[in-house]
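The values are calculated or read from the model by the stated rules, or taken from the named source; none is laboratory data. Just so it is clear, the model here is predicted, and its values are computed rather than measured. Glycine also receives a Cβ, built like all others from the backbone with ideal geometry; neighbour counts cover every protein chain displayed. All accessible areas refer to the heavy atoms of the entire protein, side chains included, with ligands and DNA or RNA removed. Shrake-Rupley method; radii C 1.70, N 1.55, O 1.52, S 1.80 Å.
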Amino acid sequence: DASGDKAIYAYYTSETEVSVSEIRDTLSASLPEYMIPAYMMQIDEIPMTRNGKLDKRALPEIEAKTAREYVAPRTENEKLICAVFSEILNAEQVGINDGFFELGGHSLRATRLVNRIEAETGVRIALKDVFSHTTPEQLAKFVESASGEEYTPIPKAEEKEYYPMSSAQKRMYLIQQMEPELMTYNMPNAIKFGNGFDHDKFINALTRMTEINEAFRTRFDIINGETVQKIHNEAIIDFKETKLKKSNINDAFHNFVRPFDLSKAPLFRVEAVEDENGDTTVFYDTHHIISDGFSAAVMEDELIRLYNGGEAESPRVQYKDYSEWMRTRDLSRQEKYWLSQFDDEIPVLDMPLDHARGKYQSFAGAAAGVKLDAATSEKLRNTAKKTGTTEYMIFLSALMITLGKSARQEDIVVGSAISGRTHKDTEKMIGMFVNTLAMRGKPEGNKTFEHFLNEIKETSLKAYENQEYPFEELVEKLDIERDMSRNPLFDVMFTVQNNEDSTEDFEGTNVEAADVRPSEYEAKFDITVTVTEFNGEHIVNVNYCKDLFNEQSMKAFSDHFVRILKQMLDTPEKLIKDAEAITEEERRIILNDFNDTDAEYPRDKTVVELFEEQVEKTPDNMAVVFENEKLTYAELNEKANSLAHKLREIGVKPDEFVAIIADRSIEMIAAIFGIIKSGGAYVPIDPTYPEDRISFMLEDCQPKAVLKYTTESIAVSNEISVIDLQNRDVWEGAPENPEHVNTPNDLIYCIYTSGTTGKPKGVMIE
């Protein structure tokens, strides 16, 4: 359609006038909602080619329409708002009863709507008002009852040698300076042309685009201790032409993406690669510090228009003007809101990791993902309409619940990027406007899906209203203890890709998105979840740090996310604690495979006999591994025998109990074998249990001895022998300096090692 989104079109003929709503009602009886055409138009006849086939090129364009009958605007405000709807939603005719979100609106377009209404009426409405007043009629009444000030354009900044960076630019710049080879903030893309590509026209278009937009003539530096941006009068685009075999295009794209030097303009490079068929693929890469996703669409529009021989106007104000203007804004109210969101203990997400987190953040990334089926995507859209939410809010709710179940937490913070274009003058400006919102939610078990979704709706709307406050300043104000191994405030980023696509067309040239992708992914965060929509179906992509997670874990995470989402859509009344994240296959593995511990073994031999046979066969093979410690079968057997002898000495007889109060360790395994070899039965006790519980277990089993390997103080009866394994060995013999032995009063027997002579040392104290 006109906004670049894929949609189903329908053209129909009839001898009489037939309304679109009548056709929709008829189709609804036999087709699911997602198969009903979004655009319909009655025409006189179906155009055909000479060969009797449909002539798609001769079909007229269709304007966006809802199922409601058109009702013309009556007041000036209704006319104005209908016109704004039409412009933002690319709809030719909008009536006063047409819903903004039904016509394709989302939060990004809603922000543009707010900006445009303010520019035309002087009334600044809140984003939440768009959600509660979705039609032109409702909005017109709301605007009439509100009062506002005259629209004030962004002023042009005073001409200077250089200008301060914006908050977002400053953060990117400092990160890049710490890691000059970092490509995390590169924004590469590629488009493929047919044989009609004109190199000269393309270079001229690039040159003109650079002249018009200061962003492509901006470099960054530190002057007198201040991070600044400097705009040059001219800059030459880094343009390269090569010829390669089609099979090598992907490798060429990988080599094309390389680090930028932020001190040199332009931070934009292009390469045209022609293959053996004469087709040309154009690679282009921009640094995020001068551009964002919306800027990329604006840039592509301008580039195509200039390529086609058209003209692009120089904007009245540029990014430097915006950044200077932002420095004058009073954001104290917004600051107060964000500080209130984190005025208590800030949660840290404790996701189960496959690899230990290093001292410094790793940007080594990989990707996994899953596609929703068309039926689920349609349920998602219907749920959004029914609940007055957006797809973003539903996805964010499902993600927080999934993270909460994975980390076993009920307080979650997720980062979310927002366009940041809160003023009309910024709508077509090229620059870095994206701000980060730290969205906090509490997916507590006793809440229903529906209740939690409503909470996230309110949280999202308030966050949108306060979206101008820079994330970087929030981090500084909160005075968070910085951990170089992770991002501040959150480890998971969530994005719904709804940037506007290019609406221009390369005349006479067959052009399409090129199927190229980098061989390596960069990971800005531990996990980044991105949702895109293609042909009416949603694709969930999970970018993750591969130094923390394995591919299998992230594929499972993706599946869990979708499973939680489907339950939200199907049973909104279900409690979060009753939601199941694991798949049926995982359930089968847990119940059947993990618990299928049956194994054949010699029934006529004891465990001790089987163990000693293994010791004899493979004495030097590893028997036990714990963290950085290892024991061979021979070493494990020696420790077990030594302890077994000592237990026999203190009177342990067959079938008598010996308790083990031990932290997880190699000593615990040696102790178990030692007890079995002595003829006793072991009673494991977790040292983290409450004292009353430990006392009850000891009184109940009346052990002959207690083996202790823990820093916890354990009080036992004086009638019970206690062997302290804290020094990790059991030897016999007398100490050279028994007066140096420091034994807790409650220990009757203590076996230990001391000294540095290498001689076995031990002591038994009564």
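For GLU92, the solvent-accessible surface with a 1.4 Å probe is about 130 Å², rounded to the nearest 10. Between GLU15 and SER485, the simple label model (points 7 Å from Cα in the Cβ direction) yields a spacing of 7.9 nm.
Solvent-accessible surface of protein heavy atoms, probed at 1.4 angstrom with all chains present, puts ARG648, ARG603 in the order ARG603, ARG648, largest first.
Under 8 Å for C-alpha pairs, at least 6 residues apart: give me the relative contact order for the chain, rounded to a whole percent.
Working: 1269 pairs, mean separation 83.7, N = 766.
So the answer I get is 11 percent.
Here LYS457 is the anchor, and the aspartates and glutamates within straight C-alpha reach of less than 15 Å, apart from those fewer than 8 places off in the same chain, are ASP129, GLU391, GLU465.
When the C-alpha to C-alpha distance is required to be over 24 Å, the pairs from LYS359/LYS577; LYS653/LYS708; LYS386/LYS574; LYS56/LYS245; LYS639/LYS708 that qualify are LYS359/LYS577; LYS56/LYS245.
Do me a favour and compute the ellipsoid semi-axes for the chain from its Cα gyration tensor, root of five times each eigenvalue, largest one first, whole Å. Spell out each step's value before the answer.
Working: eigenvalues 824, 198, 161 Å².
One finds semi-axes of 64, 31, 28 Å for the chain.
GLU118 sits with roughly 50 Å² accessible to a 1.4 Å probe, with DNA, RNA and ligands left out of the calculation. Candidate membrane-span-like segments in the chain, meaning DSSP H helices with Cα atoms spread over at least 27 Å of their own axis and a Kyte-Doolittle mean of -0.5 or above, are 551-570, with no membrane implied. Tell me the chymotrypsin sites (Phe, Trp or Tyr not before Pro) within segment 575-655 that lie in a loop according to DSSP and have at most 15 other beta-carbon atoms within 10 Å. Listed in order of number, the matching sites are PHE594. With contacts taken as Cα pairs under 8 Å and at least 6 residues apart, segment 257-341 reaches a relative contact order of 15 percent.
Just the number, please: percent antiparallel of the DSSP beta bridges in the chain, rounded to the nearest 5. Don't skip to the answer; put the middle values down first.
Numbers: 56 of 87 bridges.
Just about 65 percent of them are antiparallel.
How large is the Kirkwood hydrodynamic radius of segment 627-694, in angstrom, based on all distinct alpha carbon pairs?
In segment 627-694 this quantity evaluates to 12.7 Å.
Using only the alpha carbons of segment 518-652, what is the convex hull's orientation-averaged projected area in square nanometres?
Details: hull surface 67.1 nm².
About 16.8 nm², averaged over all directions.
Against the criterion of solvent-accessible heavy-atom surface with a 1.4 angstrom probe, ARG109, ARG50 sort, most first, into ARG50, ARG109. Solvent-accessible surface of the chain, taken per residue with a 1.4 Å probe and all protein chains present: 52 Å². With a Förster radius of 35 Å, plug the Cβ-Cβ distance of LYS246 and LYS56 into 1/(1 + (r/R0)^6) and report the FRET value to the nearest 0.05. Computed FRET efficiency for LYS246 and LYS56 comes out at 0.80. Pair-distance distribution P(r) for segment 268-405, from all Cα-Cα distances in 10 Å bins starting at 0: 7, 16, 24, 32, 18, 3, 0 percent.
Which whole-number percent is the relative contact order of segment 304-420 (Cα, under 8 Å, 6+ apart)?
In percent, rounded to a whole number, it is 27.
Rounded to the nearest 500, the helix-only mean residue ellipticity at 222 nm of the chain stands at -10500 deg cm²/dmol, with each DSSP H run of n ≥ 4 adding -39,500 (n - 2.57).
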